[in-house]
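The values are calculated or read from the model by the stated rules, or taken from the named source; none is laboratory data. Owing to the predicted nature of the structure, the values given are computational and were not obtained by experimental measurement. Note: ideal-geometry Cβ built from the backbone for every residue, glycine included; neighbour counts use all protein chains shown. Each accessible area value is taken on the protein alone, full model and side chains, heavy atoms only, with ligands, DNA and RNA left out. Shrake-Rupley method; radii C 1.70, N 1.55, O 1.52, S 1.80 Å.
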Amino acid sequence: MCGIVGYIGNREAQPILLNGLSKLEYRGYDSAGIAVLERNQMKLRKTEGRLANLSARLRDHQLKGTAGIGHTRWATHGRPSDANSHPHTDMSGTFTVVHNGIVENYVELKQELEQRGVVFTSETDTEVVAHLLAEHYEGDLVSAVRAVIQRLQGAYSLGVMTEHEPDKLVAVRQSSPLVVGIGYGENFIASDIAALVAHTRQVYILEDGELAVITPERIAIMNAESGQPTNRKPTQVDWNADQVEKGLFDHFMLKEIHEQPLTLRNTMLGRTNEYDEVCFPELAHAADVFKNVEKVFIVACGTAYHAGLIGSTMIEQLTRIPVQCDIASEFRYRDPVVTANTLLIVVSQSGETADTLAALQEGRRRGAKVLAITNVPTSSIARDADYVISTMAGPEIAVASTKAYTAQLLAFCLFSVYLGQEKRTIRSEQRVELVRGLKALPVQVEKVLENANEVKQYAESIKDAGSLFFIGRGLDYAVALEGSLKLKEISYIHSEAYAAGELKHGTLALIEQGTPVIALVTHMDLYDKTVSNIKEVKARGAHVMGITVEGNVQLLNAADEICFIPPTLQLLAPILAVVPLQLISYYTSLALGKDIDKPRNLAKSVTVE
Ligand code: AGP
């Protein structure tokens, strides 16, 4: 879970590398470094801490040269420190490596190298790669890289440079994402397109097991094992540079929360027709598969898992197919029963989450057909799946996921209606009502966002709380889980989400005078039940903020404060109800002065198990 960049061309490499790293910092931000070939001599600068530390250091000691590699790290092997920061070099300092992933057999490789007299300067798994390169080098960097990767087990995207061949960079992809950007008289590598869009929108997306040799004029891609060239067409990226900038917002998270009306519109676009039917042209070839689906698993991590929980209710209600939603890291080890006609839906914003990818592979091995709901159509998960629904949320930079989540909910609802149409389980009035409800959502989210100030005041009132509870029933419980994760993630305040009816079975013991409780009350059919649970916590001193639909003023008889969302269908309420929760987390974190976009210990894309 690190970010890699590389540049070779005719411009100064340092600013390009730093700018690229700034777009990848979401992947890891505990240390950063760059290596530049200065008059054919390898020069390195690396520092513990944020990229800003590295930039500050480089301000007075610039590296001059037109080829270089850079890295922003999320520590796995070895604590964040200058020494453990990438790039890593061999003992002579002539070979440098940046790495994203984990070299699983590094302990034995390290022992082997030490026995041959190699002295290590870091605690990382990556350093073995630099020393192995020096050992295998016989005048051809590509051959050396190919020989070294034969020795590596695990996941690795690598960027490699040597003083001996200053005219080239070598990049390898194995289970960690890597793209090659195509320029004029210059070329690039990066872990993510976001780092390249300021320079080019033409990229090659490397496949696992591929190696790219990059010079200013040429990009040659080959199978790393056989050395056979691979003939590939470039991909045109439709992102633009503004999408990876904060613009007028103070944080990416706030920008992304406010983008939701647009991202919902974009995710709907072209997926309904004038009869309010759902159409997925991208799934047309699989209509028979969907007609025959008898069982569905939904598998994901974190926020995407929370979207899956709501997706499971949507699919069950509209198709009556049994659905089970699993955490990806559990699914893959629990021997799930996958029968013929099982559909596995994997959900992932990044499309690179290691646990979700492994669950996908496990489900496929057991015979399931795989549908991916992802925000990155070029990602590993999208490429491994049989079918893909893209959420059109655009790049999500803040570690805390917001617009991707609401787009996932929308995609689930569209797919549930689609499946209902295919299996003829949805009544046409119900379909029309849902599709119209979906179409109304962007304007309704805008309305919720207009009331951000009220939420801000509430956020300030809870900033000193030691602990918080989110409660709800049915879909409201799933939204509560997401609200609680969001708050923990960026404010570091402990919180728990509970099914409202479950509190009395133990957790009620934690409620005391002044404990803030956020109660989601959008399930009007469960209204009386949830109100009883609110009264239980109130009786023990809790201060309750209720989130409910407009007009439901009687909730004020039970809750201390209320935040309203516009009226909508029950299945769609989570898309509106989560917005105040996102804002509460944002403003609480802001009031506490936390690093909202880059919370401690986390990274956006979790490509390790
Ligand atoms: C969300 O706020 C989190 N940062 C995290 O739970 C995230 O949703 C999870 O890691 C899954 O990521 P993915 O959607 O990219 O697979």
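When you go through (1) touching a Ser or Thr at 6+ places or on another chain (Cβ under 8 Å); (2) open to solvent by 10 Å² or more (accessible area, probe 1.4 Å); (3) in a loop (DSSP other than H, G, I, E, B) one by one for Phe564, which number turns out not to apply? Phe564 satisfies every listed condition except (3). Picking from residues in the stretch 497-556 that are β-branched (Val, Ile, Thr) and surrounded by fewer than 17 Cβ atoms within 10 Å (Cβ to Cβ), the one that is farthest from Ser585 (Cα to Cα) is Val553. Among the residues making up the stretch 318-342, those that are within 11 Å of the ligand (Cβ to nearest atom) and surrounded by fewer than 24 Cβ atoms within 10 Å (Cβ to Cβ) are Ile327, Ser329.
Give me a count of the residues in the stretch 481-496 that are crowded, with 19+ Cβ neighbours inside 10 Å and in contact (Cβ under 8 Å) with a residue 24 or more places away in the chain. Summing the residues that are crowded, with 19+ Cβ neighbours inside 10 Å and in contact (Cβ under 8 Å) with a residue 24 or more places away in the chain in the stretch 481-496 gives 11. Answer yes or no: is there a residue in the stretch 597-609 that is open to solvent by 60 Å² or more (accessible area, probe 1.4 Å), more than 15 Å from Leu485 (Cα to Cα) and not assigned by TED's automatic domain parsing to the domain that holds Arg473. Yes - at least one qualifying residue is present in the stretch 597-609. Just one of the listed residues (Lys439, Lys369) is open to solvent by 30 Å² or more (accessible area, probe 1.4 Å), touching a Ser or Thr at 6+ places or on another chain (Cβ under 9 Å), farther than 26 Å from His258 by Cα and in contact (Cβ under 8 Å) with a residue 60 or more places away in the chain, and it is Lys369. If you check Thr72 against the conditions, is it open to solvent by less than 10 Å² (accessible area, probe 1.4 Å) and of a type in the set (Ser, Thr, Tyr)? It is true that Thr72 is open to solvent by less than 10 Å² (accessible area, probe 1.4 Å) and of a type in the set (Ser, Thr, Tyr). Residues in the stretch 216-251 that are open to solvent by 60 Å² or more (accessible area, probe 1.4 Å) and of a type in the set (Ser, Thr, Tyr): Ser226 alone. Within the stretch 563-609, how many residues are within 27 Å of Ser380 (Cβ to Cβ) and without any contact (Cβ under 8 Å) to a residue 12 or more places away in the chain? Total meeting the criteria: 1.
Selection of the stretch 379-407 for residues being more than 10 Å from the ligand (Cβ to nearest atom), closer than 26 Å to Arg600 by Cβ and surrounded by 24 or more Cβ atoms within 10 Å (Cβ to Cβ) yields Ala393, Lys403, Thr406.
Quick grid of which residues meet (1) more than 30 Å from Glu316 (Cβ to Cβ); (2) more than 16 Å from the ligand (Cβ to nearest atom); (3) of a type in the set (D, E, K, R):
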{"site": "Gln457", "(1), (2), (3)": "yes, yes, no"}
{"site": "Phe469", "(1), (2), (3)": "no, yes, no"}
{"site": "Glu489", "(1), (2), (3)": "no, no, yes"}
{"site": "His505", "(1), (2), (3)": "no, yes, no"}
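Taking each residue of the stretch 144-155 that is on the phi > 0 side of the Ramachandran plot and looking for partners that are charged (D, E, K, R) and open to solvent by 70 Å² or more (accessible area, probe 1.4 Å) with beta-carbon atoms closer than 8 Å, six or more apart or interchain, yields Gly154/Glu104. Helices (runs of 4 or more DSSP H) fully within the stretch 442-540 that include at least 2 residues being more than 28 Å from the chain's Cα centre (by Cα): 452-462, 527-539.
From the list Ile345, Ile315, the lone residue that is in contact (Cβ under 8 Å) with a residue 12 or more places away in the chain, more than 26 Å from Glu207 (Cα to Cα), away from the ligand (no atom under 11 Å from the Cβ) and open to solvent by less than 40 Å² (accessible area, probe 1.4 Å) is Ile315.
Looking at the structure I just gave you, is Phe252 under 18 Å from the mean Cα position of the chain (by Cα) and among the aromatic types (Phe, Trp, Tyr)? Answer is yes for this residue.
Apart from one condition, Pro516 fits all of (1) in contact with a His (Cβ under 6 Å, 6 or more places away or on another chain); (2) modelled with pLDDT under 95; the exception is (2).
Among helices (runs of 4 or more DSSP H) lying entirely in the stretch 236-311, which contain 2 or more residues that are within 16 Å of the ligand (Cβ to nearest atom)?
Qualifying helices (runs of 4 or more DSSP H): 252-258, 260-268.
Each residue in the stretch 174-198 was checked for being among the small types (Gly, Ala, Ser), open to solvent by 10 Å² or more (accessible area, probe 1.4 Å) and closer than 17 Å to Ala13 by Cβ, and 3 pass. The residues in the stretch 569-605 that are within 13 Å of the ligand (Cβ to nearest atom) and in a loop (DSSP other than H, G, I, E, B) can be counted, and the count is 10.
When the stretch 408-429 is limited to residues that are of a type in the set (Gly, Ala, Ser) and open to solvent by less than 20 Å² (accessible area, probe 1.4 Å), the one that is nearest to the ligand (Cβ to nearest atom) turns out to be Ala411. Note on the stretch 413-443: residues that are under 18 Å from Leu269 (Cβ atoms) and in contact with a strand residue (DSSP E or B) (Cβ under 7 Å, 6 or more places away or on another chain) amount to 5. Of all the listed residues (Ala542, Ala497), the sole one being closer than 23 Å to Met253 by Cβ, among the hydrophobic types (A, V, I, L, M, F, W, C) and modelled with pLDDT of 95 or more is Ala497. Per this entry, Ser495 is counted among residues that are in the same structural domain as Ile471 (by TED's automatic domain parsing), more than 30 Å from Thr267 (Cα to Cα) and within 16 Å of the ligand (Cβ to nearest atom).
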